[in-house]
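These notes are about the structure you will find just below.
None of the figures in this text is laboratory data; all of them are computed from the coordinates on show. Source: prediction; values computed, not measured. When we count neighbours, we look across all protein chains shown, and the Cβ atoms used for this are built from the backbone with ideal geometry, even at glycine.
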Amino acid sequence: MTDLSAYSFEKLHEDHEFVVNRGTHGDAATSVLLMEVALERPLQSTVDRILHAYSLAGELDPAWAVRPLALLEHRGHPALLLYDPGGTYLDDALRASPSLSARLRLAIACARALGRFHARRLIHRDIKSGHILVNVQTAEAWLTGFGLTTRLPRYRQSPE
């Protein structure tokens, strides 16, 4: 079991299904993200999305993905402990009105992360600004929100 008692958590992002908190360890050198359900009585499909996202952990690279580290129970429901690359969610970064050149660098970083994701033969199916973490200063991007992700089928094209 993962002990979270040494972490101090602060809400980073929330939507109608999930809350993501950034947890800083007492030494302040280590941080993680904790994704948990937003509702006291979540739908089974919401719980299934957490479980599915965790099942993809081995296929995700922290260079371009917010990779699940552990599946745990938090407040009676499944939750994900996630790698924290730092940064902010893209929607929050864009609200801060970065320059045009900074927005273009972020767009390129997002496209690069998505390209690496697709190179793993994965389709996200829920790309939105609330599923991308960015660092405006370094122009890096990391995908998250893998609950609806599917694998590309292996098609064999006929010779004709």
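Dipole magnitude for the chain: computed about the Cα centre from +1 point charges on Lys and Arg Cβ and -1 point charges on Asp and Glu Cβ, it is near 720 debye.
Which entry in [x] 0.95; [y] 1.00; [z] 1.09 is this structure's computed Rg/Rh (Cα atoms, Kirkwood Rh)? Among [x] 0.95; [y] 1.00; [z] 1.09, the one calculated here is [y]. Using Cβ point charges alone (K and R +1, D and E -1), the dipole size of region 101-142 about the Cα centre works out to roughly 160 debye. Which stretch or stretches of region 130-146 have amide N atoms under 19 Å from the point lying 7 Å from residue 103's Cα along the Cα→Cβ direction? So the set is 130-141. Only DSSP H runs of four or more residues enter the estimate; each adds -39500 (n - 2.57), and after division by the residues of the chain the mean residue ellipticity at 222 nm equals -7500 deg cm²/dmol. Full extension of the segment from residue 73 to residue 126, taken as 0.36 nm per residue of separation minus the current Cα-Cα distance, would add 16.6 nm. Packing order of peptides 88-100, 46-58, highest average first: 46-58, 88-100 (average count of other Cβ atoms within 10 Å over each peptide's residues). Sequentially through region 67-84, phi angles give Karplus couplings (6.51, -1.76, 1.60; θ = phi - 60°) of 7, x, 9, 7, 9, 9, 9, 9, 6, x, 9, x, 9, 10, 8, 10, 4, 10 Hz, Gly and Pro residues having no value and appearing as x.
Residue ranges 108-115, 37-44 sort as 108-115, 37-44 when ordered by packing (mean number of other C-beta atoms within 10 Å per residue, highest first).
What relative contact order, as a whole-number percentage, does region 26-160 give when Cα pairs under 8 Å and 6 or more residues apart are counted? Value for region 26-160: 27 percent. The label point for residue 116 and the one for residue 44, both projected 7 Å from the Cα toward the Cβ, are 3.7 nm apart.
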